[in-house]
Each structure stands twice: as structure tokens, then as C-alpha cells.
């Protein structure tokens, strides 16, 4: 029976490269001279520490540009709230979305059901398996999900016929 999996992953090596490029650009930019700004990667979160809100927003823009250059979708980033850190510094935590949450999986399953295509979807941990008798139906599901904006970065893998 033909099937494929819907997953949400980011290449951590590319994330690391994007963060390193951001740190280099911050060190070279004139508007960051003498500031104590930091961007660090801790497992699946990026911690941004800046002198003020203006610099924090500038760092976020640089980071987004570097991620896009390295083919990491901005949808894979979830921004935490801006909070005060020691002194007059501000901090923001950016979480990398790895895997599909149960709520999003249910939402994707509902979208697939509403399509009235002859396929079944099944939630498996942090991914969704879609099976059907007709390969064309599976390809229609992929096209439909790509066209819909579900606020999540999705990849379609393990296509078996």
C-alpha cells in the first residue's frame, strides 16, 4: 500500500552555521561596536542576549536572514517573549520546532479528512503517516498541504509505492 510520512525537522548543522554567521556579522557591524550582544545555541533553542530592544530586533532580523540563506524556514522558529535580563540587557529565547506537536498533527489530520481523498492519516509520535491505494491521491495530499498555510515547516519523506 503506497504511503509517505509528514515530518518537521531542521538541519542542526545548518542552524549552527547560521548562528556562527550571525555572531560574525554582529562582531563586524558598526552599530554593535562596544555592545555585549550574544547569540548561543543550546540543544533546540537559540538564546539571544542584547543591550536593548533595538539591538535585539536587529539580531533577530540578521538571524532570520541567515536561516533563510541556509534553507531553514522561518516557520521552524518559535519566538518567546522578550524579557529583562541582568543590568539593562534584554533576552529572547527562540525555539526550533523539531517534530510535529499532537495539536498540529490533529489539525493536519483534519485537513486531510476534509479533502475527501481516499487516504488515511495516522499520527506516529512526532510524525504523520499517510496511506492510500492510489499514488495520485497521495500526491494530491502533498500538493494540498503545501498550498495550505499551517504555520509549520513540513517535509514529505519515505514515499513508498
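Can you work out the FRET efficiency for the pair residue 68 and residue 116, with r the C-beta to C-beta distance and R0 = 30 Å, to the nearest 0.05?
Once rounded, the FRET efficiency stands at 0.30.
Between helix 12-28 and the chain, what is the angle of the helix's C-alpha long axis to the longest principal axis, kept within 0 to 90° and rounded to the nearest 10?
Around 30 degrees separate the two axes.
Rounded to the nearest 0.05, what FRET efficiency do residue 85 and residue 45 have when you use their Cβ-Cβ distance and R0 = 25 Å?
Rounded to the nearest 0.05, the efficiency is 0.95.
Using packing as a proxy for protection, rank 76-82, 29-35 so that the peptide with the highest average count of other Cβ atoms within 10 Å comes first.
Going by the mean number of other Cβ atoms within 10 Å, highest first, we get 76-82, 29-35.
At 222 nm, what helix-only mean residue ellipticity would the chain give, in deg cm²/dmol to the nearest 500, using -39500 (n - 2.57) for each DSSP H run of four or more?
-12000 deg cm²/dmol
Determine the shape class of the chain: with a ≥ b ≥ c the square roots of the Cα gyration tensor eigenvalues, call it rounded for a/c under 1.5, and otherwise prolate if a/b is greater than b/c, oblate otherwise.
Prolate, since a/c reaches 1.5 and a/b exceeds b/c.
Specify the angular offset, from 0 to 90 degrees and rounded to the nearest 10, of the alpha carbon long axis of helix 102-114 from the longest principal axis of the alpha carbons in the chain.
On a 0 to 90 degree scale, this one is about 40.
Consider just the alpha-carbon atoms of the range 12-96 and return their Rg together with their Dmax, both in angstrom.
12.0, 36
Could you state the angle between the C-alpha long axis of helix 53-69 and the longest principal axis of the C-alpha atoms of the chain, as a value from 0 to 90 degrees rounded to the nearest 10?
The angle comes out near 40 degrees.
Bear in mind that the values in this text are calculations on the coordinates, not laboratory data. Since the model is a prediction, treat every value here as computed from it, not as a measurement. With ideal geometry, Cβ positions are generated from the backbone for all residues, glycine too; neighbour counts draw on all protein chains shown.
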